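Undergrad: Following this message is one structure expressed as structure tokens.
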Amino acid sequence: MTTGATTPTYPARPRRSRLRTFLPLGVAAWLVLEIWLLTVVAGVAGGGTVFLLIVAGFVLGAVVIKRAGRRAFRNLSETLQQQQSGVAPTDGPSSGNGPMMLGGLLLMLPGLISDALGLLLLIPPVQKALSAYTERAVERRVREAAPGTLGDAFQQARMQRPDGRVVQGEVIRDDAPRNPGPHPPLNG
């Protein structure tokens with residue numbers, strides 16, 4: 001039955017990214033592989049050994065995360081003290097906390113593959129390489145940010161002076177169209 005009213009048209013849904021499509025499949029495959037590997041090791045070495053491996057990984061991961069958190073807090077405290085005393089903060093060994101915490105988290109997850117990846121992330125050259133790659137990727141994303149996005153706001157709020165200091169502010173472009181509307185009277 002037709003009423004003569006037009007049917008509403010909805011805008012086309014945006015296309016899903018490959019990451020959103022394949023991430024659930026990757027996680028499911030990883031879980032199946034972890035469970036299979038744990039059953040194989042349990043068949044060879046026994047269930048008690050697998051239980052001890054999982055508990056040891058959890059404890060080691062907790063220790064690693066605690067150590068990385070303390071190091072990050074100590075670096076933050078030193079930076080704040082340097083800023084309060086007027087000394088320009090130096091870039092110390094602050095990199096490596098993120099990969100170290102990620103390694104600790106992977107160690108805490110039950111599974112042998114996650115434990116191997118977590119132990120790999122505890123190696124300093126791997127931490128430095130991962131930190132450098134992540135920093136480059138984030139900088140590239142911020143540079144390529146479209147106007148009006150969160151990345152654009154971050155880029156506008158972070159302006160560097162020649163001496164290396166970061167000045168918070170907002171970018172006002174001269175090429176932006178100006179509002180030619182009437183001006184308020186000066187005598188108010």
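Undergrad: Cβ contacts < 8 Å: first residue touching a residue at least 24 places away in the same chain (Cβ under 8 Å), restricted to segment 108-131; second residue open to solvent by 40 Å² or more (accessible area, probe 1.4 Å) and among the aromatic types (Phe, Trp, Tyr), any location; separation 6+ or different chain. Result?
TA: Pairs found: Met108/Phe58; Pro110/Phe58; Ile113/Trp30.
Undergrad: Going by the conditions given, is Leu38 part of a helix (DSSP H, G or I), surrounded by 15 or more Cβ atoms within 10 Å (Cβ to Cβ), touching an Asp or Glu at 6+ places or on another chain (Cβ under 8 Å) and at pLDDT below 95?
TA: no
Undergrad: Still on this structure, I have one more. Would you be able to say whether some residue in segment 54-65 is without any contact (Cβ under 8 Å) to a residue 12 or more places away in the chain and either touching a helix residue (DSSP H, G or I) at 6+ places or on another chain (Cβ under 6 Å) or among the β-branched types (Val, Ile, Thr) (or both)?
TA: yes
Undergrad: Something else now. Only one residue in Thr49, Thr21 is under 30 Å from Gly98 (Cβ atoms), among the hydroxyl-bearing types (Ser, Thr, Tyr), open to solvent by less than 100 Å² (accessible area, probe 1.4 Å) and at pLDDT below 95. Which one?
TA: When all the criteria are applied, what remains is Thr21.
The values are calculated or read from the model by the stated rules, or taken from the named source; none is laboratory data. Being a predicted model, the structure only gives us computed values, none of them experimental. Don't worry about glycine lacking a Cβ; one is built from the backbone with ideal geometry, like all the others, and counts go over all protein chains shown. Areas reflect the complete protein model, heavy atoms only, side chains present, ligands, DNA and RNA absent. Shrake-Rupley method; radii C 1.70, N 1.55, O 1.52, S 1.80 Å.
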